[in-house]
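To keep things clear, I will list the structure first and then write my remarks on it.
The values are calculated or read from the model by the stated rules, or taken from the named source; none is laboratory data. Values in this document were obtained by computation on a predicted structure and should not be read as measured data. Cβ sites come from the backbone with ideal geometry, for glycine too, and all protein chains shown count toward neighbours.
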Amino acid sequence: MGREDSEIERHLGTLLVAREGERIVGCAAVELHGKAGLVRSVAVDLPHRGLGLGIQLTDAILALARSHGVKTVYLLTETAAGFFPRFGFRSIRREEVDPAVRRSVEFTKACPASAQAMRAELR
């Protein structure tokens, strides 16, 4: 996943990991920015794709965000824009993203400018 150790450590409380025995087969994370959240690193090991694990991880990370008082979640994606609409995400312009989220490492350094920004309102 290529994330810096310090970045991962800062968000350990909002990182979910799926295991098969001792092996990590999926993960999802959310950064908290007040009432806004940034979904990060939804990933499933190739042999485990297509089994619903990505859906379960995304549902769980959105529930975790909701439990922390997040009302709106954002994400950036280069490859999965077709996956996220089932969770209420819609494509938006980067300028529409909450300013606190736009200042995150994900927006400023980790993802290329070509990544699609998406937003969902949590109920």
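Can you tell me which condition Ser41 does not meet? The list is (1) at pLDDT 95 or above; (2) in contact with a strand residue (DSSP E or B) (Cβ under 9 Å, 6 or more places away or on another chain), and all the others hold.
So the condition that Ser41 fails would be (1).
When you go through (1) of a type outside the set (Ser, Thr, Tyr); (2) more than 17 Å from Leu32 (Cβ to Cβ); (3) within 12 Å of the chain's Cα centre (by Cα) one by one for Leu62, which number turns out not to apply?
(2)
Go through (1) surrounded by 14 or more Cβ atoms within 10 Å (Cβ to Cβ); (2) farther than 28 Å from Arg23 by Cα one by one and return the number of the condition Thr77 breaks.
All conditions pass for Thr77, except number (2).
If you check Val101 against the conditions, is it surrounded by 14 or more Cβ atoms within 10 Å (Cβ to Cβ) and in contact (Cβ under 8 Å) with a residue 24 or more places away in the chain?
Taking the combined requirement at face value, the residue satisfies it.
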